[in-house]
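Here is the structure we will look at.
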Amino acid sequence: MTRMEKPAAFSRRALLQAGGALVVSVGAPLAFKTSARAAEGAAAATTKPPLTPDQLSSFIAVNADGTVSAYFGKMDMGQGLSVAIRQMVAEELDVPFARVRIFIGDTDTSVNQGGASGSTGVQNGGKQMRAAAAEARRVLVEMAGDKLGEPADQLTVKDGVISAANDAAKKVSYGELIGGQFFNVHLDWNGEMGNPLYAPGKAKPKDPKTYTIVGQPIPRDDIAPKVFAQENFCTDVKVPGMVHGRVIRPAVAGAEPVKVDESSIKNIPGARVVWDKGFLGVVADREWDAIRAAKELKVEWSQPTPPLPSQADLYDHIRKAPVRKREEGKGVGNVEDAFKNAARVIEAEYEWPFQSHSTMGPACALVEVKDGRATCWSGTQKAHFVRAGVAAMLGMPEDKVRVIWTTGPGSYGRSDADDCAADAAVLAKAVGRPVRLQYTRDQGTGWDPKAPASIHRARAALDASGNVLAYDFLSKGFSRIDVNTNGSKPWDTLAGQNLGVALKSGDAFGFPGESYGFANKRAAWETIAPLLDRASPLRSAHMRDPVGPQTCFASESFIDELAAALNVDPIAFRLRYVRDPRDIAVIKAAAEKAGWQTRVSPRRDQRGNTVSGRGIAYAQRGATRVAVIAEVDVDRASGKIWPRKFTVAHDCGQIINPDGLHHAIENNVVQATSRTLWEEVKFDSKNVTSVDWRTYPILDVTEAPEQVEIVMINHPEIAPSGAGEAASRPVPAAIANAVFDATGVRIRRAPFAPGYVKSALS
Amino acid sequence: MNKKFSLNVNGEVHTVEADDETPLLYALRDDLGLNNPHFGCGLAQCGACTVHVDGKPRHSCVMPLSEVGDSKIVTLAGLGTPEHPHPLQTAYVQEQVPQCAYCINGWIMTAAALLRDNKKPTDAEIRTALRGLKCRCGTHMAILRAVKRAAAMMG
């Protein structure tokens with residue numbers, strides 16, 4: 001057998017060097033060669049302060065060679081976040097971009113900033129890194145002032161060198177001041193962990209007018225290693241003594257193994273069974289053997305009553321199910337009274353199916369327990385939370401567990417990654433060897449946490465002149481936190497539930513994000529209980545822009561219905577009522593870029609089989625605003641919709657990197673188009689039947705748009721808000737509204753797959 | 001049953017001992033340490049495992065070792081290097097194509113075969129050649145730009 005050397009990047013030593021607590025520059029010995037003055041000063045320390053959010057050293061270090069290390073507790077899911085953070089750090093520190101290195105998502109080197117979550121990478125994570133970098137610069141300038149005998153306000157910084165304004169010869173570099181040591185500077189931590197963590201220092205970040213690095217289209221440098229096959233994903237990590245694991249899921253959801261015949265796999269080399277209550281898995285030395293063992297193991301399962309309704313009854317089930325929790329948003333006026341005075345009431349109901357993350361590869365994790373410590377390599381969005389989950393499964397204290405986030409096969413929320421880490425931990429504990437577990441395709445699609453199915457009811461009261469008196473919007477569906485947004489608690493993972501920990505299903509949904517100034521307005525949501533209260537393939541959780549696309553599909557389709565009912569152009573109608581100036585700006589920007597012709601929908605001038613139309617939808621997502629105009633062709637005979645062109649206007653405040661933002665918007669639009677046109681988790685009474693790309697089709701490249709035009713509105717003076725998900729939100733409604741414009745038929749159920757559209761048209 | 005197989009991969013011959021039904025993917029990944037072909041589905045539905053077998057894009061996840069014979073296998077790592085990149089690799093970097101990048105073997109290896117046989121493909125020809133490949137992140141627009149850019153570089 002020929003074996004290649006294990007890639008150096010994954011040796012234990014290299015890992016410690018690359019991501020560990022030591023501040024070393026590659027190739028240089030660990031050195032504390034700095035001025036005696038700095039060594040004595042309170043701002044520097046030769047030993048690392050604790051890795052806590054109230055320490056500057058937890059976020060920023062200056063290395064002996066003058067490079068800067070940024071330690072970041074969020075993760076980059078391929079949207080260029082790491083570049084954006086480096087830009088923000090380099091900007092505040094006045095060092096060249098190339099001199100900033102970033103270490104991401106390693107629980108040994110970063111504090112819990114919440115992971116990839118809710119489009120907060122720049123919004124919250126960047127805000128913190130900016131504050132920390134600004135504080136580091138302030139402290140360094142102060143140290144330089146002491147060393148050079150100059151007041152701090154007489155010093156300037158360029159490229160990491162601090163010099164006296166009146167005497168350029170008097171200078172000292174960051175590296176000379178503190179390189180190889182650690183900041184010993186206290187930050188004013190707000191006491192929060194995760195997304196809300198904020199710990200500024202005394203420094204005030206720069207005036208955006210002076211930016212030279214933030215706002216530049218600096219390319220991602222993680223792409224070349226991927227394109228030249230030099231970067232390892234979490235699926236590629238190997239450690240000595242490792243075995244391959246596979247888990248086995250029941251054919252009927254809720255069933256548990258009652259009899260396992262280990263002799264059925266005795267011919268497979270090294271194959272072993274791990275069975276504990278509802279948890280069943282196998283390991284083997286070779287991956288193909290683990291796959292074979294999982295397939296060939298004879299298992300007798302319990303025979304529970306099939307727990308799921310038939311697919312055809314899903315929306316009726318949601319309609320009839322008892323409400324578990326209801327929440328109302330901030331309303332205006334008195335909706336009920338206003339409806340009593342209505343000259344005309346318009347109502348509509350919309351439906352959205354369960355959807356699957358279906359990441360490009362099913363999740364993978366490697367767990368190694370060694371010398372009283374455990375290490376987990378995972379593509380999770382939330383390494384720090386997974387640490388708690390893995391620790392619980394291993395029965396180890398959290399501080400003995402390290403999770404190293406490693407690029408995974410895509411991620412769009414609470415995918416199967418966190419379940420996989422917990423399952424791998426269970427296997428590793430049972431077999432006493434490091435276990436690499438990758439799920440199978442049917443597990444990745446069939447058993448990942450799902451975006452919740454929902455129905456949405458909207459109604460509006462109109463007066464005799466066609467003014468909107470009142471607007472009432474209700475979403476009812478499965479909770480977006482039936483299992484939580486991360487795998488930190490055993491009850492939120494399949495492993496935990498399979499081992500008997502009871503589900504603690506949470507309740508959350510969402511409201512439309514818009515600023516329609518109707519005099520009487522109410523938005524509410526209602527959640528219902530899950531279909532199965534343990535180890536369910538339809539447990540619902542966060543998926544990209546959690547419940548945003550579905551809610552906006554309904555609310556922005558309905559606004560369009562009002563415009564059509566009142567014979568008003570869809571944009572003109574929106575502009576009558578939208579109040580927020582930035583909302584108005586994105587709508588107008590999209591309209592201008594798309595060359596929107598003011599007229600009433602639908603068109604009535606098309607006769608052929610293929611008809612075309614245009615539609616708009618807009619949304620707020622947090623402080624971000626997006627307007628999307630879709631131009632579609634509809635093949636009436638087949639029911640097939642082709643979104644030929646999208647025009648997007650996007651305002652997320654200050655733009656850190658326009659190139660990264662452009663890609664983020666474009667990919668959101670295409671993925672949301674896929675969800676709108678194709679994606680629906682199918683199931684029968686026993687289980688989910690969407691188990692691969694044939695049974696869970698997504699958008700094909702032959703169906704991708706011809707063009708996605710993007711207008712990025714930059715507001716350097718406004719704090720950056722999220723861009724990771726916002727552009728997904730208006731896409732379904734924009735397409736639905738365009739289909740209406742083309743055909744005069746309103747599609748109120750997603751996905752708009754050809755069969756459904758064809759029947760709706762006939 | 002375990003057998004010895006001689007595999008010609010990226011111009012080097014390796015010996016692998018494995019069950020003869022083992023798909024090529026696992027021999028490349030686990031025995032030869034060539035991690036770049038990825039497991040996506042094991043069903044020949046997505047393309048993440050694509051390699052060239054005698055110049056043709058094949059799904060290594062469903063190709064048993066017993067079928068490989070002395071075919072010449074080229075993986076993404078063998079297509080080009082930073083020093084001598086394939087135009088598609090250059091174009092992928094220039095267009096900043098991938099989001100998660102897990103799918104890129106399928107797109108690049110399939111497009112490489114297309115551009116070898118058709119120097120000036122139309123948009124429709126590119127889309128047709130790439131039909132069926134999956135990209136879950138939705139980078140399709142950038143993929144199409146990169147293939148056109150690579151075609152221009154090669155033309």
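Restricting to region A:302-336, name every residue that is under 30 Å from the mean Cα position of the chain (by Cα) and aliphatic (A, V, I, L, M). Hits for region A:302-336 are A:LEU308, A:LEU314, A:ILE318, A:ALA321, A:VAL323.
Taken together, A:PRO225, A:PRO257, A:PRO269, A:PRO219 contain a single residue that is over 32 Å from the mean Cα position of the chain (by Cα) and within 14 Å of another protein chain (Cβ to nearest Cβ), which is A:PRO269. Does region A:156-172 contain at least one residue that is among the polar types (S, T, N, Q) and surrounded by fewer than 17 Cβ atoms within 10 Å (Cβ to Cβ)? Taking every residue of region A:156-172 in turn, at least one turns out to be among the polar types (S, T, N, Q) and surrounded by fewer than 17 Cβ atoms within 10 Å (Cβ to Cβ). Those residues that are under 19 Å from A:ALA619 (Cα atoms), assigned to a loop (DSSP other than H, G, I, E, B), in contact with a strand residue (DSSP E or B) (Cβ under 8 Å, 6 or more places away or on another chain) and not small (Gly, Ala, Ser), I need them from region A:640-687; list them, please. Selection gives A:CYS652, A:ILE655. Of all residues in region A:606-622, those being buried (at least 16 other Cβ atoms within 10 Å of the Cβ) and either hydroxyl-bearing (Ser, Thr, Tyr) or in contact with an Asp or Glu (Cβ under 7 Å, 6 or more places away or on another chain) (or both) number 9.
For beta carbons closer than 6 Å, sequence separation of 6+ or different chains, a first residue in region A:302-326 that is over 15 Å from A:LEU538 (Cβ atoms) and a second that is assigned to a strand (DSSP E or B), the qualifying pairs are A:SER302/A:VAL258; A:VAL323/A:GLU526; A:ARG324/A:THR527; A:ARG324/A:ILE528; A:LYS325/A:THR527; A:ARG326/A:GLU526. Every condition in (1) at the interface with chain A (Cβ under 9 Å from one of its Cβ atoms); (2) buried (at least 24 other Cβ atoms within 10 Å of the Cβ); (3) not basic (Lys, Arg) is met by B:VAL93 except one, and the failing one is (2). Look at region B:119-131: where a residue is more than 7 Å from chain A (Cβ to nearest Cβ) and a partner is of a type in the set (Gly, Ala, Ser), sitting 6+ places away or on another chain with Cβ atoms under 6 Å, you get B:LYS119/B:GLY155; B:LYS120/B:GLY155. Does any residue of region A:167-189 turn out to be within 19 Å of A:VAL95 (Cβ to Cβ), assigned to a loop (DSSP other than H, G, I, E, B) and of a type in the set (D, E, K, R)? No, there is no match, as no residue in region A:167-189 is within 19 Å of A:VAL95 (Cβ to Cβ), assigned to a loop (DSSP other than H, G, I, E, B) and of a type in the set (D, E, K, R). Considered as a group, the residues in region B:132-150 that are part of a helix (DSSP H, G or I) and touching a Phe, Trp or Tyr at 6+ places or on another chain (Cβ under 6 Å) include one that is farthest from the other protein chains (Cβ to nearest Cβ), and that residue is B:ALA146. Kindly provide the set of residues from region A:411-450 that are of a type in the set (Val, Ile, Thr), buried (at least 24 other Cβ atoms within 10 Å of the Cβ) and away from chain B (no Cβ under 14 Å), ordered by number. Once the filter is applied, which keeps residues that are of a type in the set (Val, Ile, Thr), buried (at least 24 other Cβ atoms within 10 Å of the Cβ) and away from chain B (no Cβ under 14 Å), region A:411-450 yields A:VAL426, A:VAL435.
I'd like to know if region A:345-364 contains one or more residues that are at positive phi and either surrounded by 13 or more Cβ atoms within 10 Å (Cβ to Cβ) or without any contact (Cβ under 8 Å) to a residue 12 or more places away in the chain (or both). Within region A:345-364 (the criterion being at positive phi and either surrounded by 13 or more Cβ atoms within 10 Å (Cβ to Cβ) or without any contact (Cβ under 8 Å) to a residue 12 or more places away in the chain (or both)), the answer is yes, since at least one residue qualifies. A single member of A:ILE735, A:ILE718 is at pLDDT 95 or above, within 18 Å of A:THR624 (Cα to Cα) and hydrophobic (A, V, I, L, M, F, W, C), and it is A:ILE718. Within region A:711-726, does at least one residue satisfy the condition of being touching a residue at least 40 places away in the same chain (Cβ under 8 Å), among the charged types (D, E, K, R) and outside any strand (DSSP E or B)? Within region A:711-726, one or more residues are touching a residue at least 40 places away in the same chain (Cβ under 8 Å), among the charged types (D, E, K, R) and outside any strand (DSSP E or B).
For region A:174-205, enumerate the residues that are surrounded by fewer than 18 Cβ atoms within 10 Å (Cβ to Cβ) and closer than 18 Å to A:PHE97 by Cα. Of everything in region A:174-205, just one residue is surrounded by fewer than 18 Cβ atoms within 10 Å (Cβ to Cβ) and closer than 18 Å to A:PHE97 by Cα, namely A:PRO205. Checking the stated criteria, A:VAL745 turns out to be away from chain B (no Cβ under 14 Å), of a type in the set (Val, Ile, Thr) and in a loop (DSSP other than H, G, I, E, B). Filter region A:293-319 down to the residues that are surrounded by 13 or more Cβ atoms within 10 Å (Cβ to Cβ) and in contact with a helix residue (DSSP H, G or I) (Cβ under 8 Å, 6 or more places away or on another chain) and list them by number. The answer is A:ALA293, A:GLU296, A:LEU297, A:PRO309. Contact map, region B:31-45: first residue on the phi > 0 side of the Ramachandran plot and more than 7 Å from chain A (Cβ to nearest Cβ), second residue of a type in the set (A, V, I, L, M) and assigned to a loop (DSSP other than H, G, I, E, B), Cβ cut-off under 7 Å, separation 6 or more or different chains; pairs are B:ALA44/B:VAL62.
Here A:ALA704, A:ALA753 are screened, and the one residue that is out of contact with any Ser or Thr (no Cβ under 6 Å at 6 or more places or on another chain) and more than 10 Å from chain B (Cβ to nearest Cβ) is A:ALA753.
Which of the following residues is small (Gly, Ala, Ser), surrounded by fewer than 19 Cβ atoms within 10 Å (Cβ to Cβ) and in the same structural domain as A:ALA374 (by TED's automatic domain parsing): A:GLY241, A:GLY245? Just one listed residue meets the conditions, A:GLY241.
The values are calculated or read from the model by the stated rules, or taken from the named source; none is laboratory data. Owing to the predicted nature of the structure, the values given are computational and were not obtained by experimental measurement. Positions of Cβ are generated from backbone atoms using ideal geometry, with glycine treated the same way; all protein chains shown enter the neighbour counts.
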